[in-house]
Amino acid sequence: MSVEALRYQRGSLSILDQLLLPQRTVYQQLAGVRAAWQAIRDMKVRGAPAIAIVGCLSLAVELHQREDDVKEDLATFALESLDYLVTARPTAVNMAQAARELSDFVASEVKRPDSTAESLKENLISRIEGLLEKDVSNNKCIGSHGAEHILSRAKTDKVIILTHCNTGSLATAGYGTALGVIRSLWSTGRLERVYCTETRPYNQGARLTAYELVQEKIPATLIADSMVSVAMKEKGISAVVVGADRIVANGDTANKIGTYQLAIAARHHGIPFYVAAPSTSCDLALESGEQIVIEERPGAELTDVNGVRVAAPGIGVWNPAFDITPHNLITAGIVTEFGVHDPSELRKVLLDKTLPTQHTIPTIPR
Ligand code: MRU
């Protein structure tokens, strides 16, 4: 069985502390919304879909413990909690999309004349629990659409894939997005090897993707981020597949820092470049990638390794967690649960599937 980023049963949520991987497998219980906010902010749990799911489930846990008599009190608590959870790591849009959808649901439940505090609580918890299953099923669809597309265009019997950051079971409710495509390729018997980047500065590739690939016994090779161009030149890479934290209306994509340079190098080498993400990572409220607010993380993630300072004292540090890949560099397509789309078609595909378009862009608290 794949590694589990979280364990949930009604009233109880724990997360696998990803800061301790791969050396130690420790699950940490999250008592509620504040604990989840902190775990997300500290990157004990990370990855756009996992952030949203853990945030929402932490609300479900706290709702389960409450004994409100007045439905409006419960609604206020839920709405304030959702707004707060969005601020933990706001570049990834999934939590904001989930907050908007659940807030609309709360508002409509409160308006129902026959609803009670008890029915609101029960219905909201069930709605949140539904997100878990939906994420896994979306990821399986992404996996098969992506694998089929790659194989239908492959020039060789077996394919070699390059990926970045961690987009697997650890970053989602299960199966993964870009890593889901890799899992699906592996299941067809036509995956020769995966190259995964180290993903500096936070090392999600070396610590987490490498861990998942080894556990799944998928043939894989770790490379430093600075090796991607030469790997593309010399290692017969068939396609690059990465995840997304936010894909806006024109197809521009925010993803882990380093994605942009991968896309440039892939274009130079004529290698197909895919973004794989669920529709919950898409944000039609923004027109272009320039409107995305990029999270900046503490300088210590660059200057220190395992708590030991390696950079010269006194040096300035810039540590953006994500970059924007312009849509014209996403040459092979954006893979969602609905299929593989040219970036120019994304807006229409999502509107046809009635994706909500409005949400607010929160500022990052310092
Ligand atoms: O900073 P992180 O580790 O949360 O960044 C993760 C990524 O950039 C992933 O590629 C993205 O969230 C997609 S995860 C399915």
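The values are calculated or read from the model by the stated rules, or taken from the named source; none is laboratory data. Source: prediction; values computed, not measured. All Cβ positions, glycine included, derive from the backbone under ideal geometry; neighbour counts span all protein chains shown. Protein only, heavy atoms only, side chains kept; ligands, DNA and RNA dropped before computing areas. Shrake-Rupley method; radii C 1.70, N 1.55, O 1.52, S 1.80 Å.
Here ASP283 fulfils each of the conditions (1) over 30 Å from LYS158 (Cα atoms); (2) free of Cβ contacts under 8 Å to residues at least 24 places away in the same chain; (3) not aliphatic (A, V, I, L, M) apart from (2). Close Cβ contacts (under 7 Å, 6 or more residues apart or on different chains) running from residues in the stretch 193-204 that are assigned by TED's automatic domain parsing to the domain that holds ASP304 and surrounded by 22 or more Cβ atoms within 10 Å (Cβ to Cβ) to residues that are part of a strand (DSSP E or B) and hydroxyl-bearing (Ser, Thr, Tyr) comprise VAL194/THR163; CYS196/THR163.
One residue stands out in the stretch 92-101 among those that are under 29 Å from ARG24 (Cβ atoms) and in a helix (DSSP H, G or I): the one that is farthest from the ligand (Cβ to nearest atom), namely MET95. Quick check on the stretch 4-46: of everything there that is under 18 Å from ALA99 (Cα atoms) and over 18 Å from the mean Cα position of the chain (by Cα), which residue is surrounded by the fewest Cβ atoms within 10 Å (Cβ to Cβ)? Looking at residues that are under 18 Å from ALA99 (Cα atoms) and over 18 Å from the mean Cα position of the chain (by Cα), I get ARG34.
Of all the criteria given as (1) outside the structural domain of VAL241 (by TED's automatic domain parsing); (2) out of contact with any His (no Cβ under 8 Å at 6 or more places or on another chain); (3) more than 16 Å from the ligand (Cβ to nearest atom); (4) open to solvent by 10 Å² or more (accessible area, probe 1.4 Å), the one not satisfied by TRP186 is (1).
Can you confirm whether ARG309 is open to solvent by 10 Å² or more (accessible area, probe 1.4 Å), of a type in the set (Lys, Arg) and farther than 28 Å from ALA173 by Cα?
So ARG309 passes the test.
Condition check for PRO49 on (1) under 19 Å from GLY11 (Cα atoms); (2) surrounded by 23 or more Cβ atoms within 10 Å (Cβ to Cβ); (3) of a type outside the set (Lys, Arg): one failure, at (1).
Looking only at the stretch 267-326, filter to residues that are of a type outside the set (A, V, I, L, M, F, W, C) and assigned to a strand (DSSP E or B); which one of those is farthest from the ligand (Cβ to nearest atom)?
Going residue by residue through the stretch 267-326, those that are of a type outside the set (A, V, I, L, M, F, W, C) are 267-270, 272, 274, 278-281, 283, 287-291, 295-299, 301, 303-304, 306-307, 309, 313-314, 316, 319-320, 323, 325-326.
With assigned to a strand (DSSP E or B) added as a condition, the list becomes 274, 283, 296, 304, 309, 320, 323, 325.
On the way: TYR274: 12, ASP283: 13, GLU296: 12, ASP304: 17, ARG309: 22, PRO320: 11, ASP323: 10, THR325: 11 Å.
Applying the filter and picking the extreme gives ARG309.
Of the residues that sit in the stretch 114-130 and are out of contact with any Lys or Arg (no Cβ under 9 Å at 6 or more places or on another chain) and part of a helix (DSSP H, G or I), which one is most open to solvent (accessible area, probe 1.4 Å)? Of everything passing the filter in the stretch 114-130, ARG127 is most open to solvent (accessible area, probe 1.4 Å).
When the helices (runs of 4 or more DSSP H) confined to the stretch 21-91 are screened for residues that are under 20 Å from PRO298 (Cβ atoms) and away from the ligand (no atom under 11 Å from the Cβ), those reaching at least 1 such residues are found at 33-41. When ILE257 is tested against the conditions (1) more than 20 Å from GLY146 (Cβ to Cβ); (2) open to solvent by 20 Å² or more (accessible area, probe 1.4 Å); (3) in contact with a Gly (Cβ under 9 Å, 6 or more places away or on another chain), the lone failure is (3).
The one condition from (1) open to solvent by 60 Å² or more (accessible area, probe 1.4 Å); (2) within 16 Å of the ligand (Cβ to nearest atom) that ASP135 does not meet is (1). Candidates VAL181, VAL159, VAL214: the one that is open to solvent by less than 10 Å² (accessible area, probe 1.4 Å), away from the ligand (no atom under 12 Å from the Cβ) and either modelled with pLDDT of 95 or more or closer than 20 Å to GLY339 by Cα (or both) is VAL159.
Among the residues making up the stretch 1-20, those that are farther than 21 Å from ALA210 by Cα, out of contact with any Ser or Thr (no Cβ under 7 Å at 6 or more places or on another chain) and outside any loop (DSSP other than H, G, I, E, B) are TYR8, GLN9, SER12, SER14. When the stretch 335-355 is examined, which residues are found to be modelled with pLDDT under 95 and surrounded by 15 or more Cβ atoms within 10 Å (Cβ to Cβ)? Of everything in the stretch 335-355, just one residue is modelled with pLDDT under 95 and surrounded by 15 or more Cβ atoms within 10 Å (Cβ to Cβ), namely LEU355.
ARG153 passes every criterion in (1) more than 30 Å from VAL61 (Cβ to Cβ); (2) open to solvent by less than 50 Å² (accessible area, probe 1.4 Å); (3) in contact with a Pro (Cβ under 9 Å, 6 or more places away or on another chain) apart from (2).
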